[in-house]
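Undergrad: Could you have a look at this structure, given as structure tokens, before my questions?
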Amino acid sequence: MFVFGFFFTVFAREKIEDEYISLIRLETFQLASIIQCFLIIIGFFLIGFAKIPMRIDSQMLYYIGCIFFYYLFYIVRFRYTIQRTNKLKG
């Protein structure tokens, strides 16, 4: 349920939804996706080349953590960028 809450928070609209907000959303989405892909690739290498075999529940927990981190990073960076631009404007 926590991931679903993140999902709805990510796709919530701002009060003023203009082109600049859309650009910030796109940049944040791209950066979060690149980081998530990097983490997944690291996970595949760790699972494939580990000398000690990982249990399936540890693997699933790692990948669920990757999904959680994606949404968390997206929300934190998006809000930080919005706050930073508001301080520069005002």
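Undergrad: Going by the conditions given, is Leu46 without any contact (Cβ under 8 Å) to a residue 24 or more places away in the chain and surrounded by 12 or more Cβ atoms within 10 Å (Cβ to Cβ)?
TA: yes
Undergrad: Are any residues in segment 80-90 more than 18 Å from Ile35 (Cα to Cα) and in a helix (DSSP H, G or I), and if so, which ones?
TA: Within segment 80-90, Ile82, Gln83, Arg84, Thr85, Asn86, Lys87, Leu88, Lys89 qualify.
Undergrad: Going by what's in this entry, would Ile41 be described as modelled with pLDDT of 90 or more, over 23 Å from Thr9 (Cβ atoms) and surrounded by fewer than 12 Cβ atoms within 10 Å (Cβ to Cβ)?
TA: yes
Undergrad: State whether one or more residues within segment 66-79 are in a helix (DSSP H, G or I) and over 16 Å from Phe6 (Cβ atoms).
TA: Within segment 66-79, none of the residues are in a helix (DSSP H, G or I) and over 16 Å from Phe6 (Cβ atoms).
The values are calculated or read from the model by the stated rules, or taken from the named source; none is laboratory data. Predicted model, so just to flag it, every value in this text is computed and none were measured. Virtual Cβ from ideal backbone geometry, glycine too; neighbours counted across all protein chains shown.
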